[in-house]
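Structure first, then comments.
The numbers here are math on the coordinates, done by the rules we state, and not lab data. Nothing here was measured: the structure is a model prediction, and the numbers come from that model. Methodologically, a virtual Cβ is constructed for each residue, glycine included, from the backbone with ideal geometry; neighbour enumeration extends over all protein chains shown.
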Amino acid sequence: MTVETTVKNGAGPFASHAPADQRIDTLPPAVDVLLVGCGPVGATIANLLARHGVNVLVVDKSTKVFEPPRVIELDDDALRVLLLAGIEERDIEMIAIPSVHGSSRSRDQFAGINSLDSLDRHSTLTFYQSELERCLRARMRRFECAHIALGVGLSGFTQERHHVLARLDLGHRRTHVIRARYLVGADGANSLVRQLIGKAVKGKPFAEERLVVDARHAPHSIGHTVNAFSNGRVFLAGDAAYLTPPFVGRGLLEGLRDAANLCWKLAWVVQGRADARILDTYDEERRPHTNPVVKLARFMEKLVMPRHGGIAPLARGLTRLLRRVPRLRSQLAQWQSQSKAASTRGLFVKGRSSTKLIRGTVIAQGRIRGSDDNTYLSDDVFGQGLVLIGFGTDAQAALDSATAAALARAGGSIVQIARCGRRRDGWEDLDGVFLPHLVPVGWAAVVRPDKTVVHDGPATDAQRLVRESLSLLGQHCWLASEHDAAWGLKTAIHTA
Ligand SMILES: Cc1cc2nc3c(=O)[nH]c(=O)nc-3n(C[C@H](O)[C@H](O)[C@H](O)COP(=O)(O)OP(=O)(O)OC[C@H]3O[C@@H](n4cnc5c(N)ncnc54)[C@H](O)[C@@H]3O)c2cc1C
């Protein structure tokens, strides 16, 4: 497979940025989170954790960003994660490339992508992965609590009751033992972390010579997913947890979703804002979404790169059919959308309201105007914590002071969105993304830091919505009465 683009690889705007390198001889004895791997997923996790104020050390056994071209096509959701991680719109504009054409021996051209529409309104956006990685590393420098040690590989770890003890290989037969409250393996396809926690690879892994040119650690298996994304205090993210052939271009996209899902939960637990049991919902929410992606990627691989020359014409015919037969196209779309669908289990209140808001999925993003007359993206206004949103109404009015205080202690805030033209009533919904498209006036929702809807209902019930949401975090102890505490225990972390 070849990829042609209009920008020369390795010569982009972040080429000269050095990362926030931690000197190997001053590696700390302990950190909150030890992150193994500073590929795009690891670098995003580091930025997200650091934005939440978590003390994180990233180690990568390689001293350089991996250069060979792996063009990345990202969708809105993925871009939102990058923005949440602190990447700025101007960064994205700088690293975007205008067009990409993918071709293979059996099909002259199998894909063509054009970029760049406007941010968050674009259909696709294409980058060189190495530029994105450099950009993420450069942004990491802004945080005092994030450190990166390059040329340092994980060689082993043991899990204790309250921490993980990890052994780092510093080269020249030097090692360093570090204590971490949690360890995240974002160490790619041949993940040592995955091997050490002994998760069997599900499916039929096989080495693919033709992919070796693009892989960091060849040969490796493609088309796998693990049978658990975590074990005790250790978590897997990105290619370490599942690896898809690159034909649907979704590997990084899913890895970024892992990052968004995991990081706030780790931060809330490390900072004592939530019970450690919420970490179990990472696996519950993320793993079911990766299987359809792997399935789709394998299917596309067979079409694009048939194993036997004899079936190439058949594959070509099928590709044409796919373009022309709506039912086949919709099956493909269904596989794609399954990876975005609501989780059936996880950290949200079970059930569905009569509105278009779906609990367990990411809330839409829109442009909203503030009292300063400036326009913002709603994610920026919702902020880094839990948020209670009142649509066309002030949801705070329904909260008693104990609940409002508990919400604040859990890192929560309250936002009021007003209909377009009603700016005096809150943040004005300029494009009507929320009102009336998503919810009616008088509605309220509780949204997590990763923008997933936890709960929703009439704003007059905001008190109950907040209390039930806080109970999911294990924060019933912050709620006033004994009745609440008992209720909280009963509803803590819903598992269907
Ligand atoms: C040709 C091609 C095109 C693609 N196109 C797309 C696309 O359009 N869209 C998309 O979403 N995805 C695409 N992908 C997939 C995407 O590139 C991967 O999903 C992504 O690189 C995964 O990132 P990662 O951070 O999980 O792993 P990696 O990028 O593999 O990073 C892992 C890091 O861990 C380090 N490491 C490994 N072991 C250790 C250890 N023991 N100690 C310390 N460090 C260690 C490595 O040095 C490496 O830096 C494509 C892939 C290919 C090959």
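Cβ crowding within 10 Å ranks ASP429, ASP372, ASP76 as ASP372, ASP76, ASP429, fewest other Cβ atoms first.
At full extension, ASP400 and ARG277 could sit 41.5 nm farther apart than now, given 0.36 nm per residue minus the alpha carbon distance. Taking the fewest neighbouring Cβ atoms within 10 Å as the starting point, the ordered list for CYS135, CYS263 is CYS135, CYS263. Within region 367-491, antiparallel bridges make up roughly 65 percent of the DSSP beta bridges whose residues both belong there. Among ASP425, ASP283, sorting on how many other beta-carbon atoms sit within 10 Å of each Cβ, with the fewest leading, yields ASP425, ASP283.
Using the average count of surrounding beta-carbon atoms within 10 Å as a protection proxy, the listed peptides 82-92, 38-48 rank, highest first, as 38-48, 82-92. Protection proxy ranking, highest mean first, for peptides 187-193, 173-179: 187-193, 173-179, where packing is the per-residue count of other beta-carbon atoms within 10 Å, averaged.
Residues whose amide H falls under 5 Å from that of PHE235, counting only those 5 or more places apart or on a different chain, are LEU183, VAL184, GLY185, with hydrogens built in the peptide plane. Here's the picture: a label point sits 7 Å out from the Cα of ASP461 along the beta-carbon direction, and within region 363-394 the residues with their amide nitrogen under 18 Å of it are 388-394.
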